[in-house]
Amino acid sequence: MNNNHDELPVEIETLSRRVDDLEARLVRVRLKAVKQSVGWCVAIALGVVLVLMALDTYVPKPGPETADDNLEQLLRPGLHCYNSGEEMAAARQRALTAVDRLEFEAEFTRTWDQRHPQIDGLPTTPPAPALTTEPGAVIPIVTEPTDPDVPAPTNVGEEIDDDLCFGLKEPTP
């Protein structure tokens, strides 16, 4: 403060107007700061979303297991999932055909043994089967992927898609 007595005190109205002007200016500055903060938050959020979308696009996702290249793998009990419905349908049809063939061969072998007894102590053998099955081998059953007798998938918590998966279970005695 200036201790000079020659100056006249500023009028109260002038002080009031200055305070009102400062308050209005403070409101504008606060509003501008809020708008800038919201703008920066939106820009940062948009940047994060774009980065996540880019990562989702370019990072390979683990797909369903399609290691059923041979019948032994295809007929193992458990869940069999594929990348597309067409691929699943083809593999399921292969499994159904293989199961039918195994059932036919088992029945054929039983019938052959009944109709062709041993001659002079030498066993007669039926023609060699297309699929190798041991006598008494368990023939799996093709079923829905959510069947309770189908062994659980190795990835716990993984969503089972009925359009991409089928199950194989061992028959109950």
Requested in this report: Express the accessible area of region 10-61 per residue in Å², computed with a 1.4 Å probe while the remaining protein chains stay in the model.
Outcome: 96 Å²
**Report entry** Fraction of accessible area attributable to carbon and sulfur, region 10-61 (%, probe 1.4 Å)
**Finding:** 69 percent
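Using a 1.4 angstrom probe on the protein heavy atoms only, line up Val27, Val49 by accessible area, largest first.
Val27, Val49
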Query raised in the report: Hey, can you rank 79-92, 28-41, 96-109 by average C-beta count inside 10 Å, highest first?
Result: 79-92, 96-109, 28-41
Report summary line: Sequence order, region 90-95: Karplus ³J(HN,Hα) from phi using 6.51 cos²θ - 1.76 cosθ + 1.60, θ = phi - 60°, Hz rounded, Gly and Pro as x, gives 5, 5, 5, 5, 4, 5
Query raised in the report: Considering only the other residues whose Cβ falls under 13 Å of the Cβ of Leu22, what net charge follows from Lys and Arg at +1 and Asp and Glu at -1?
Result: +2
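The values are calculated or read from the model by the stated rules, or taken from the named source; none is laboratory data. The shown structure was predicted, so the numbers you read here are calculated from the model rather than taken from an experiment. Heads up, the Cβs are rebuilt from the backbone with ideal geometry, glycines too, and the neighbour counts pull from every protein chain shown. Note: areas computed on protein heavy atoms with side chains; ligands, DNA, RNA excluded. Shrake-Rupley method; radii C 1.70, N 1.55, O 1.52, S 1.80 Å.
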